[in-house]
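The values are calculated or read from the model by the stated rules, or taken from the named source; none is laboratory data. Quick caveat, the model's predicted, so the values are computed rather than measured. Cβ atoms come from the backbone with ideal geometry, glycine included; neighbour counts cover every protein chain shown. Please note that ligands, DNA and RNA were not included when accessible areas were found on the heavy atoms of the full protein model with its side chains. Shrake-Rupley method; radii C 1.70, N 1.55, O 1.52, S 1.80 Å.
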Amino acid sequence: MKWETVKLGEVIVPAKLRRAGNGDFPILSMTMHNGLVDQGDKFKKRIASADISPYKVVERNQLVVGFPIDEGVLAFQNLYPEAIVSPAYDIWELRNPEGVDPNYLQKLLRSPRSLAYYTANLRSTTARRRTIPKEAFLDMPIPLPPLSEQERIASLLDAADRLRAQRRDALRRLDALTHSLFLDAFGDPAHNPKNWPVVKLTEISRPKQWPTIAANQLSGSGHPVFGANGLIGYHDIYNHAEPTVLITCRGATCGTINVCPPKTYVTGNAMALDNLAEDKIHRTFLEWFLKGKGLRNVISGTAQPQITREGLTNYTVALPPLSLQLEFASRLEQIEGLRSRMERQGLELDGLFASLQSAAFAGP
């Protein structure tokens with residue numbers, strides 16, 4: 001059966017405007033990945049202004065379009081018979097609810113083909129409030145198969161997306177497992193409940209900032225370059241032959257811990273813990289100890305937070321037996337091997353999902 005292609009304006013119309021007034025409604029917030037959610041779930045508290053009377057009422061199966069639209073920030077409301085959303089959002093309803101599956105239409109409107117259409121028709125506006133003119137939105141051509149086919153496509157994409165969500169959840173659980181293994185073996189780094197001997201960080205390493213590379217010295221190939229937030233590009237030389245623990249020492253992410261791979265150039269925006277005393281401390285243990293204890297107390301400056309070598313002078317590190325550190329590192333290596341396999345599988349699932357999306361909305 002040949003699929004019909006119609007303009008979006010033949011499928012949806014603006015919903016009748018209703019304000020919250022003095023009514024008592026659930027307040028919903030828009031998220032990029034999860035659509036509409038209870039505001040309390042997103043922010044752990046209500047952040048709407050005290051006066052919610054201007055908020056818009058959205059009924060079940062009405063479409064809420066937020067911004068930036070080219071990132072797919074839109075969703076059908078399927079949580080409550082009625083709720084309210086920000087007055088800045090647009091609300092649409094189906095012309096023919098019996099002929100259109102909201103789940104299918106939502107997936108179509110958030111698909112790569114639709115995002116590309118939005119991008120091509122963006123209205124010039126502030127960065128986080130990107131939108132397109134309503135006439136361009138309604139003029140977008142969309143495939144509209146029979147209702148049974150819409151439901152089949154939506155169900156297929158839901159199943160694929162659940163697999164992707166399970167993979168992401170499994171990766172999060174691996175992070176929790178690593179943290180749990182560390183706590184079981186060594187205790188909370190902030191309190192040292194097992195009373196391990198304590199040494200100064202500068203006694204088991206030599207914190208150093210290396211020269212920073214200018215942006216025009218970076219390239220797309222060569223040795224990795226690590227800056228404040230990890231990998232920032234590549235360079236033709238390296239200054240660290242072995243993996244090294246790095247502390248972000250400037251900017252908003254000051255205190256973040258990274259580990260660079262072998263043959264990496266580390267810039268001055270990261271403090272490299274060089275000359276590690278490997279007969280006393282293992283790099284993997286140090287990495288997770290620093291992540292657990294944190295470096296908040298050695299950050300100076302407010303407008304431009306920073307960590308200096310002088311600031312690290314009195315920072316202390318617990319020193320459990322090296323054999324115990326090596327055992328932890330061995331377990332973590334096994335976990336990281338599993339993580340790598342799962343991440344590869346995740347990329348394959350993402351590719352499968354993209355392929356399914358492309359085929360689903362291309363027509364028969």
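Of all residues in the stretch 273-288, those being under 28 Å from the mean Cα position of the chain (by Cα) and assigned to a loop (DSSP other than H, G, I, E, B) number 0.
Residues considered: T244, T248, T284. Of these, the only one that is in contact with a Cys (Cβ under 6 Å, 6 or more places away or on another chain) and at pLDDT 95 or above is T244.
Every condition in (1) on the phi < 0 side of the Ramachandran plot; (2) of a type outside the set (G, A, S); (3) open to solvent by 80 Å² or more (accessible area, probe 1.4 Å); (4) part of a loop (DSSP other than H, G, I, E, B) is met by N195 except one, and the failing one is (1).
For residues that are in a loop (DSSP other than H, G, I, E, B) and in contact with a helix residue (DSSP H, G or I) (Cβ under 8 Å, 6 or more places away or on another chain), scanning just the stretch 233-272, find the one that is least open to solvent (accessible area, probe 1.4 Å). Only one residue fits best here, namely G255. Only one of the numbered conditions (1) surrounded by 18 or more Cβ atoms within 10 Å (Cβ to Cβ); (2) at pLDDT 90 or above is not met by D139, and that is (1). Restricting the first residue to the stretch 1-23 and requiring it to be open to solvent by 100 Å² or more (accessible area, probe 1.4 Å), which pairs with a second residue that is among the acidic types (D, E) meet a Cβ separation below 9 Å and a spacing of at least six or different chains? Here the result reads M1/E149; K16/E93, each pair linking the stretch 1-23 to a residue that is among the acidic types (D, E).
Residues in the stretch 294-331 that are within 27 Å of the chain's Cα centre (by Cα), farther than 21 Å from A272 by Cβ and surrounded by 13 or more Cβ atoms within 10 Å (Cβ to Cβ): R331 only.
Every residue, every condition in (1) within 16 Å of Q357 (Cβ to Cβ); (2) under 21 Å from the mean Cα position of the chain (by Cα); (3) of a type outside the set (V, I, T); (4) part of a loop (DSSP other than H, G, I, E, B), yes or no:
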| position | (1), (2), (3), (4) |
| --- | --- |
| V64 | no, no, no, no |
| F67 | no, yes, yes, yes |
| P97 | no, no, yes, yes |
| T119 | no, no, no, no |
| Q150 | yes, no, yes, no |
| A160 | yes, yes, yes, no |
| L163 | yes, yes, yes, no |
| D169 | no, yes, yes, no |
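For the stretch 341-353, enumerate the residues that are of a type outside the set (K, R) and either open to solvent by 50 Å² or more (accessible area, probe 1.4 Å) or more than 26 Å from R164 (Cα to Cα) (or both). Correct list: E343, Q345, L347, E348, D350, L352.
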